[in-house]
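Just so it is clear, none of the values below were taken in a lab; they were calculated from the coordinates. What you see is a predicted model, and the numbers here were worked out from it, not measured in a lab. FYI the Cβ positions are ideal-geometry reconstructions off the backbone, even for glycines, and counts take in every protein chain you see.
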Amino acid sequence: MSVGAGLGKRLRERDLSAAPAALNLLESSTAADREQARALLCEVSPAALGGEAKGHIVGVTGPPGAGKSTLLSALLHAWRASDRSVAMLAVDPSSKRSGGSLLGDRARIEFDPADKSVLIRSTAAGERLGGLAPATRAAAQALAAAFDIVVIETVGVGQAETEVADVADTVVVVVQPGSGDVLQFLKSGIMETPDVLVVTKADLGQIALASRRDLSAALRSLGTKETGATRVLAVSSVSPPQGIEELVGALDEHRASLDVTERRLRARRAGALLDFTAEHGERGLRALGGRRTGERLLEQQDPGLDSQALMGVLEQASANR
Amino acid sequence: MMRTYAGHSTAKASNELYRGNIAKGQTGLSVAFDLPTQTGYDPDDELARGEVGKVGVPVVHRGDMAALMDGIPLGEMNTSMTINATAAWLLALYIVAAENQDPPTEQRDLQGTTQNDIIKEFLARGTYAFPPAPSMRLIADMIAYTVEHVPKWNPINICSYHLQEAGATPVQEIAYAMSNAIAVLDAARERLNSSSTPRAQELMGDVFGRISFFVNAGVRFVEEHAKLRAMGILWEELGRERYGVTDERRLRFRYGVQVNSLGLTEAQPENNVQRIVLETLAVTLGRDARARAIQLPAWNEALGLPRPWDQQWSLRIQQVLAYETDILEYPDIFEGSKVMEGLVAELLEGARAEMAIVAEHGGAVEAVPYMKAALVDSHRRRIQRIESGEQIVVGQNRFTETEVSPLTADAEGGILVVDQAVEAEQIEAVRRWRAERDQQAVDAALGELARVAASGESHENLMTPTIAAARAGATTGEWARTLREVFGSYRAPTGVGEASAAPGDKELSELREEVAGLTERLGRRPKILVGKPGLDGHSNGAEQIAVRARDAGMDVVYEGIRLTPAQIAASALQEGVHVIGLSILSGSHRELIPAVIDALREAEVSVPVVVGGIIPEQDVAQLKQAGVAAVYTPKDFDISRIMHDIVGIVGAEANGHGPASNGSA
């Protein structure tokens with residue numbers, strides 16, 4: 001068995017210690033590693049798993065300074081208290097000038113280094129602003145086979161939650177009290193309505209409550225999403241924490257109400273198209289016969305294929321035209 | 001007043017040192033505590049490993065404080081304690097030690113200073129213990145307590161010293177120090193107004209008059225002198241306008257000084273002597289802005305821990321200045337100087353603008369992330385000026401050829417090495433202390449401390465249960481843990497994420513080329529983990545390495561301060577990094593670096609480790625033998641060169657293994 005397939009098999013068997021090496025492989029761009037990465041993903045595809053990966057993929061996004069890291073620290077403790085394994089993919093922007101990045105979030109998330117059921121991995125967003133690197137999407141899908149919870153944390157408002165929505169089962173947007181801009185984004189439709197909206201710093205009292213009220217009102221005026229109404233919660237991660245248990249409950253409820261197969265399938269198809277465009281650009285899309293043709297083509301494929309395989313289908317089609 | 005900053009190993013050894021210094025003519029004490037004491041951990045805590053007795057004296061309970069001050073009459077002594085997060089606790093131990101001395105001294109007669117400046121810990125020094133809000137409450141409680149019960153005590157010393165060490169320009173140093181003072185004074189005013197005392201306004205005047213500053217003086221001593229004159233003007237303004245102080249004596253800007261350590265070099269360390277002398281002139285030349293107390297660093301500080309003889313040399317510099325020169329004989333020699341007035345006006349204008357920005361953020365506490373990022377940026381610029389040769393440092397980037405120095409030629413390389421046995425002795429001692437005390441009394445005292453801490457709004461002063469816990473025999477770690485449990489723990493912003501990208505000079509573009517080539521070979525960007533093991537909070541060096549690595553095109557996982565070896569190993573594994581950069585300035589590299597390497601081996605992570613910090617020459621070989629790929633010391637001031645080196649190390653490693661072989665594959 002190849003290295004990639006071996007790692008994929010270990011993830012499928014919920015061997016969490018395979019995760020770091022699996023991520024190294026998925027992030028690599030050398031031809032040999034990508035070959036192995038495809039083999040890895042094949043082992044954790046719905047076809048190989050006999051259904052969708054069991055893990056709950058949660059996207060968490062929000063503007064800088066909203067308190068995401070502190071909130072994730074508190075969530076991590078709550079999840080671990082109920083013995084659920086957790087992988088966190090923290091996505092930070094890359095410097096446009098040098099291509100390098102400073103991945104600082106890990107330092108702000110407290111965890112026990114001896115706890116083998118927690119994995120925190122910082123990744124750079126790469127060249128695309130507010131976007132997810134293709135590797136992050138593949139990583140989330142692969143880790144969902146092994147971990148109970150997979151968090152993707154991104155920074156930003158407007159673009160970020162759309163990208164996260166393409167891979168996550170549940171999208172959480174985090175704002176701090178008094179962030180009028182988020183309200184504006186919601187109303188104007190720049191921002192897609194999240195599944196759960198969290199107002200942090202509830203220890204600020206009245207301001208946090210007022211923010212929560214405003215956001216709830218704005219969401220009501222926009223109507224509801226197909227999966228049900230967006231929950232708006234106020235939490236405080238500073239000692240003593242408030243609202244964390246409710247948030248955990250809200251996430252579980254959303255996941256339970258979701259048609260996971262349908263959402264994942266949609267995510268894989270959207271992801272394949274995104275990866276294809278990232279790789280081959282607009283020119284590639286034209287060679288395919290346009291975005292709509294690509295989407296139709298994907299809809300005809302076996303629902304058990306992973307996004308890497310779906311991307312292969314697109315590449316094949318564009319070469320044949 | 002003349003003192004030298006001192007303390008190491010054990011309370012008993014430090015006591016001997018103090019008595020020796022007093023015999024040589026020193027007129028006050030300046031106590032240096034070790035990092036576990038500063039951050040609130042007992043010697044047997046995992047985080048204290050390698051740090052016990054290193055940068056100062058461990059004081060764990062009232063018995064240690066009694067031994068430290070043995071035979072030194074506290075009623076006659078003026079004691080300065082460099083202690084911040086745990087200042088309330090150490091003052092409590094000092095009060096209890098004074099009560100128990102023969103003859104006893106009551107707290108109202110005690111004189112001295114606790115540094116107690118937490119904002120600069122978040123910004124520059126890293127020895128904080130609690131989140132910002134409860135930290136400010138502790139300070140306000142301590143001010144309210146001392147102004148009534150220990151009236152000759154300076155409860156807080158606003159420090160701009162460390163800001164300059166972290167790279168602050170004179171304007172930033174003035175502005176951030178003043179903003180910091182405003183935050184403290186506002187908190188104290190609120191505390192006094194909400195307490196039942198009818199003398200609130202009168203006590204506020206006392207508080208203002210009790211606040212002193214601890215500043216830095218760099219080698220550009222004319223501008224530095226102007227900086228101090230500007231601070232005096234702003235301080236008086238603040239007192240009159242914001243706090244309604246009218247008494248002239250209380251409005252006076254009082255400060256102590258430790259002259260610059262940042263500018264001291266490892267290369268040709270004897271040059272540091274003239275730097276120290278010139279820096280001392282900055283704070284003594286003009287009478288209207290003269291320091292009250294001066295501490296001078298030792299000439300060999302960049303090499304390691306100074307010996308008593310090195311400290312004597314620093315004391316003698318002050319004595320020659322005070323007793324041989326005519327500097328103290330004249331009125332203010334800059335009065336009427338157009339140049340000086342112009343300089344002062346310029347600094348005032350800049351500082352006022354910067355203070356306005358801090359105020360817009362909601363004050364110094366809320367502006368910590370902003371100020372931190374600004375400091376990291378200033379420091380980056382300073383290093384770049386030195387690297388490019390625009391700023392000359394004699395013996396380091398100019399005039400580097402040198403004769404062999406007889407000063408550093410002896411076997412130990414001219415520094416003091418703390419006996420490694422100290423840590424084991426201290427662990428043994430604290431366990432004995434815990435076994436022999438009245439445990440019920442300690443439990444009750446800590447329970448009361450927790451209750452008052454949790455009471456929050458009810459305005460009970462934390463000093464009362466703190467002093468009771470000191471009397472009962474609680475330890476430093478127990479006091480801090482009790483409060484951590486109520487207040488929560490905290491990690492300060494690192495400032496590195498916001499630091500602006502360096503302009504692309506030739507050096508940097510070459511570096512980016514190398515990194516791009518390496519990225520192709522590896523299949524992903526070279527990823528570096530940067531962090532500080534142990535309790536040492538001096539993160540300036542690590543931050544600069546992190547920022548430069550990003551500017552060179554690497555992915556940088558910046559882990560910050562206070563990491564255990566297990567944390568570093570877990571992060572390296574999970575992150576799939578190609579190289580690990582560790583920084584230690586506290587002298588604990590001998591224990592901590594091998595411990596990290598063991599932890600990595602246990603986690604089956606086989607990536608190169610590089611180390612930077614104050615590492616004496618004779619330790620380098622030992623570290624390399626333990627498996628360290630490269631060691632960088634203060635003489636490696638050129639960060640670009642360090643980066644080239646690291647890229648080379650990762651490249652060589654990549655030739656041996658494929659990228660997927662990192663981690664546990």
Along the Cα→Cβ direction, 7 angstrom out, place labels at B:Glu341 and B:Arg287. What is the inter-label distance in nm? 2.0
I need the phi-derived Karplus couplings for region A:305-313: 6.51 cos²θ - 1.76 cosθ + 1.60, θ = phi - 60°, integer Hz, Gly and Pro marked x. 6, 7, 5, 4, 5, 5, 5, x, 4
Please report, to two decimal places, log10 I(q)/I(0) for region A:259-321 at q = 0.18 Å⁻¹ as given by the Debye formula with identical point scatterers on the Cα atoms and no solvent. -0.55
Rounded to 0.05, the calculated FRET efficiency for the beta carbons of B:Leu407 and B:Thr325 at R₀ = 35 Å is 0.90
What value, in deg cm²/dmol to 500, does the helix sum -39500 (n - 2.57) over DSSP H runs of n ≥ 4 give at 222 nm once divided by the residues of chain B? -16000 deg cm²/dmol
Distance between the C-alpha centers of region B:428-479 and region A:66-120? Whole Å please. 35
Restricting region B:249-295 to GluC sites (Glu not before Pro) in coil, as DSSP defines it, with at most 16 other Cβ within 10 Å: B:Glu270
Where only C-alpha atoms are counted, convex hull volume of region B:5-388 per residue in Å³: 149
For region B:87-93, in order, what is each residue's ³J(HN,Hα) by Karplus, 6.51 cos²θ - 1.76 cosθ + 1.60 with θ = phi - 60°, in whole Hz (x at glycine and Pro)? 4, 4, 5, 5, 5, 4, 4
Amide H neighbours of A:Ile120 at under 5 Å, excluding residues fewer than 5 places away on the same chain, with H built from the backbone geometry, are A:Met88
HN-Hα couplings for region B:141-150 via Karplus (6.51, -1.76, 1.60; θ = phi - 60°), in whole Hz with x for Gly/Pro, come out as 4, 5, 5, 4, 6, 5, 4, 8, 9, 10
May I have the pair-distance distribution P(r) for the protein assembly as shown, computed from all Cα-Cα distances with 10 Å bins from 0 and rounded to whole percent? 2, 11, 20, 23, 20, 13, 7, 3, 1, 0
Length gained, B:Gln274-B:Glu428, 0.36 nm per residue minus C-alpha separation, equals 51.1 nm
Near the amide H of B:Asn154, under 5 Å away, which other amide H atoms are found, from residues 5 or more places off or on another chain, if H is placed in the peptide plane? B:Gly112, B:Thr113, B:Thr114
Enumerate by residue number the GluC sites (Glu not before Pro) in region B:586-631 meeting two conditions: DSSP loop (anything except H, G, I, E, B), and at most 14 other Cβ atoms within 10 Å of the site's Cβ. B:Glu604
What percent of all Cα-Cα pairs in region A:1-50 falls into each 10 Å bin, going from 0 up to the bin containing the maximum distance? 32, 57, 12, 0
Over region B:506-661, what portion of Cα pair distances is larger than 26 Å, expressed as a whole percent? 18
Name the longest site-free stretch of chain A, where the excluded sites are GluC sites (Glu not before Pro) in a DSSP loop with no more than 11 other beta-carbon atoms within 10 Å. A:14-126
My understanding is that a pair violates if its Cα-Cα distance is over 22 Å; which of A:Lys54/A:Lys116; A:Lys96/B:Lys635; A:Lys9/A:Lys116; A:Lys116/B:Lys54; B:Lys24/B:Lys227; B:Lys372/B:Lys624 do that in this structure? A:Lys96/B:Lys635; A:Lys116/B:Lys54; B:Lys24/B:Lys227; B:Lys372/B:Lys624
For region B:44-100, which GluC sites (Glu not before Pro) are both in a DSSP coil and crowded by at most 16 other Cβ atoms within 10 Å? B:Glu76
Placed amide H near B:Val579: partners under 5 Å, 5+ positions off or other chain: B:Lys527, B:Leu529
Using alpha carbon centroids, what distance separates region B:73-90 and region B:134-206, in Å? 16
